[in-house]
Amino acid sequence: MYQLRGLLEEAQSNGVAIGHFNISDWILLKAVFASAQELKVPVIVGASEGEREFLGVAQVAALVKSLREERDFPIFLNADHTHSLESAITAAKAGFDSIVYDLSALPFEENIKQTKQAVEALKSINPLIIVEGEIGNIGTGSEIHESVPDSSKELTTPEEARQFVESTGIDVLAPAVGNSHGMLQAMVQGDAKKRLNLARIQEIKSACKCLLTLHGGSGTEDSDLRGAIAAGINIIHINTELRIAWRRGLEDAFAKKPLEVVPYKLLPVAERSVRQVVTARLRLFNQERDSIAQ
Ligand code: G3H
Ligand code: ZN
């Protein structure tokens, strides 16, 4: 039986990160699973509150459980960006492996108070569940934005990180380190990249000595993602890049086969398009593991 905590600790000692990819349909899930299987690396799929509403909480939990157990593969399910205790509890009871409890929009002290309560409630449902807390503003929405918040101005401080982790009892912290959700049009075209503050990641890691997640990975400079892992990031979230690949794949399939109406003859094109992105990201996040294995 695979345990997410053990695999995160193993990733940390191997100098690699576990990729987290959001899904809102079966095509995305199939693509993520196929890439992870191909590269033989553990993977996390995430479903935010909106994605869960579309997929069905119990239904996505059943799908991921079936892939993990029937194929004996380390794929895990995360309740991404969960804003209420009620929806966190629903996901925990449905068998999600981790919960991102995101009260980052609240004042710091209130975020601490409510996140601590959530950690206690969720661990009483499943003592092995991984709970992640968030501080700082990294914007919302895995979409193509007109502008993204200049998160380089509001970085999480090492002291905030230490205090938050110690006071709440979370397993994983998601800090603001120059990252932001979504992509600008210029990033979609490849003309601009997100940049991270690697020194700040290292300072936060030294201060809180806990597992760290990087949100908003889409459109980030590859060397910064590698640097972030070296500085202490253990999980990297990618969503917008997959959504773009999904849409391009569908458009491509429809354009090439204008009279085709059989879904399973059209949808594999979208699956392949998403899979290319996931495979490239997983290779980057697991580079150290690859070089050790060679
Ligand atoms: O939780 C999901 C993410 O942080 C993904 O962000 O859409 O910028 O890749 P992204
Ligand atoms: Zn996120």
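Before moving on, here are some points about what is shown:
- Residue within the stretch 142-156 that is open to solvent by less than 10 Å² (accessible area, probe 1.4 Å), in a loop (DSSP other than H, G, I, E, B) and β-branched (Val, Ile, Thr) present: yes
- All positions within the stretch 186-197 that are more than 13 Å from ligand 1 (Cβ to nearest atom) and either touching a residue at least 12 places away in the same chain (Cβ under 8 Å) or in contact with a helix residue (DSSP H, G or I) (Cβ under 7 Å, 6 or more places away or on another chain) (or both): ALA192, ARG195, ASN197
- Spans of strands (runs of 3 or more DSSP E) in the stretch 26-101 with at least 2 residues more than 16 Å from ligand 2 (Cβ to nearest atom), under 17 Å from the mean Cα position of the chain (by Cα) and farther than 22 Å from GLU132 by Cα: none
- Close Cβ contacts (under 6 Å, 6 or more residues apart or on different chains) running from residues in the stretch 64-81 that are of a type in the set (D, E, K, R) to residues that are more than 16 Å from ligand 2 (Cβ to nearest atom) and part of a strand (DSSP E or B) comprise ARG68/ILE75.
- Some residue of the stretch 246-262 being surrounded by 13 or more Cβ atoms within 10 Å (Cβ to Cβ), more than 12 Å from ligand 1 (Cβ to nearest atom) and not in a helix (DSSP H, G or I): yes
- Remark: THR240 matches the filter, which requires a residue to be touching an Asp or Glu at 6+ places or on another chain (Cβ under 9 Å), within 13 Å of ligand 2 (Cβ to nearest atom), open to solvent by less than 40 Å² (accessible area, probe 1.4 Å) and within 30 Å of ALA270 (Cα to Cα).
Matching residues to (1) among the aromatic types (Phe, Trp, Tyr); (2) under 24 Å from ASN286 (Cβ atoms); (3) open to solvent by less than 40 Å² (accessible area, probe 1.4 Å):
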site: ALA31; (1), (2), (3): no, yes, yes
site: ALA34; (1), (2), (3): no, yes, yes
site: ASP72; (1), (2), (3): no, yes, no
site: SER87; (1), (2), (3): no, no, yes
site: ASP97; (1), (2), (3): no, yes, yes
site: ASP102; (1), (2), (3): no, no, yes
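- Tally of residues being free of Cβ contacts under 8 Å to residues at least 40 places away in the same chain, away from ligand 1 (no atom under 15 Å from the Cβ), surrounded by 17 or more Cβ atoms within 10 Å (Cβ to Cβ) and not hydrophobic (A, V, I, L, M, F, W, C) across the stretch 198-223: 2
Here's the yes/no breakdown for (1) at pLDDT 95 or above; (2) out of contact with any helix residue (DSSP H, G or I) (no Cβ under 6 Å at 6 or more places or on another chain); (3) under 30 Å from SER223 (Cα atoms):
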{"site": "GLU86", "(1), (2), (3)": "yes, yes, no"}
{"site": "LYS153", "(1), (2), (3)": "no, yes, yes"}
{"site": "ARG162", "(1), (2), (3)": "yes, no, yes"}
{"site": "ASN179", "(1), (2), (3)": "yes, yes, yes"}
{"site": "LEU184", "(1), (2), (3)": "yes, yes, yes"}
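- Scanning the stretch 12-21 for residues that are surrounded by fewer than 24 Cβ atoms within 10 Å (Cβ to Cβ) and not in a loop (DSSP other than H, G, I, E, B) turns up GLN12, SER13, ASN14.
The values are calculated or read from the model by the stated rules, or taken from the named source; none is laboratory data. Remember, it's a predicted structure, so these values are computed and weren't measured experimentally. Reconstructed Cβ throughout: ideal geometry from the backbone, glycine too, with neighbour counts over all protein chains shown. These area figures cover heavy atoms from the full protein model, side chains too; ligands, DNA and RNA do not enter into them. Shrake-Rupley method; radii C 1.70, N 1.55, O 1.52, S 1.80 Å.
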